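> I have a structure I would like to understand better, so I am pasting it below and will then ask my questions one at a time.
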Amino acid sequence: QAQLVESGGGLVEPGGSLRLSCVASGMTFSHYAMDWFRQAPGKQRELVAAITSGGTTNYADSVRDRFTISRDNAKNTAYLQMNNLKPEDTAVYYCNAHWAWYDYWGKGTLVTVSS
């Protein structure tokens, strides 16, 4: 059974950095495009960053130049490096894997940016 497990969230001060990880199991990871979404309290879930199976990346305007998505197919892991964090980045961050008709979600990891 396919599974995604996020980690790396926590409390960080404005201007700080965090690296989120998403470990996949039960799937051929290299086939899948990987996305990071986030959902802040009272707001809709939004796409933050995406990486295709071939390594092409895309970012929401709000995080471009601050966040970097990457993947390590040998470790079945996707990453989200977040720098210069702002209070408005506070949210639960979710990992998503999709390929053809397959679509999987992790349970999320909480990122809180506050002084």
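The values are calculated or read from the model by the stated rules, or taken from the named source; none is laboratory data. Quick caveat: nothing in here was measured; it's all calculated off a predicted structure. Cβ atoms come from the backbone with ideal geometry, glycine included; neighbour counts cover every protein chain shown. Just the protein is used for accessible areas: all its heavy atoms, side chains included, with ligands, DNA and RNA removed. Shrake-Rupley method; radii C 1.70, N 1.55, O 1.52, S 1.80 Å.
> Looking at Val23 and the list (1) open to solvent by less than 60 Å² (accessible area, probe 1.4 Å); (2) within 22 Å of Gln1 (Cα to Cα); (3) hydrophobic (A, V, I, L, M, F, W, C); (4) in a strand (DSSP E or B), which single condition is not satisfied?
(1)
> Hey, does segment 89-100 have a residue that's more than 25 Å from Gln3 (Cβ to Cβ) and assigned to a helix (DSSP H, G or I)? Walk me through it before giving the result.
Step one: of segment 89-100, the residues more than 25 Å from Gln3 (Cβ to Cβ) are 89-90.
Remaining after also requiring assigned to a helix (DSSP H, G or I): 89.
Yes, segment 89-100 contains a residue that is more than 25 Å from Gln3 (Cβ to Cβ) and assigned to a helix (DSSP H, G or I).
> While we're here: Could you look through segment 97-115, keep only residues that are open to solvent by less than 100 Å² (accessible area, probe 1.4 Å) and among the small types (Gly, Ala, Ser), and pick out the one that is nearest to Thr52 (Cα to Cα)?
Ala97
> Only one of (1) touching a strand residue (DSSP E or B) at 6+ places or on another chain (Cβ under 8 Å); (2) closer than 19 Å to Gly106 by Cβ fails for Val12. Which number is that?
(2) is the only condition that Val12 fails.
> Just to be sure, is Met34 open to solvent by 20 Å² or more (accessible area, probe 1.4 Å) and either touching a residue at least 40 places away in the same chain (Cβ under 8 Å) or hydrophobic (A, V, I, L, M, F, W, C) (or both)? Lay out the reasoning, then the answer.
Working: open to solvent by 20 Å² or more (accessible area, probe 1.4 Å): no; either touching a residue at least 40 places away in the same chain (Cβ under 8 Å) or hydrophobic (A, V, I, L, M, F, W, C) (or both): yes.
Judged against the criteria, Met34 is not a match.
> Can you tell me which residue within segment 68-88, out of those that are of a type in the set (A, V, I, L, M) and assigned to a strand (DSSP E or B), is surrounded by the fewest Cβ atoms within 10 Å (Cβ to Cβ)?
Applying the first criterion (of a type in the set (A, V, I, L, M)) to segment 68-88 yields 69, 74, 78, 80, 82, 85.
From the residues that got through so far, the ones that are assigned to a strand (DSSP E or B) too are 69, 78, 80, 82.
Numbers: Ile69: 23, Ala78: 29, Leu80: 27, Met82: 27.
Here the residue is Ile69.
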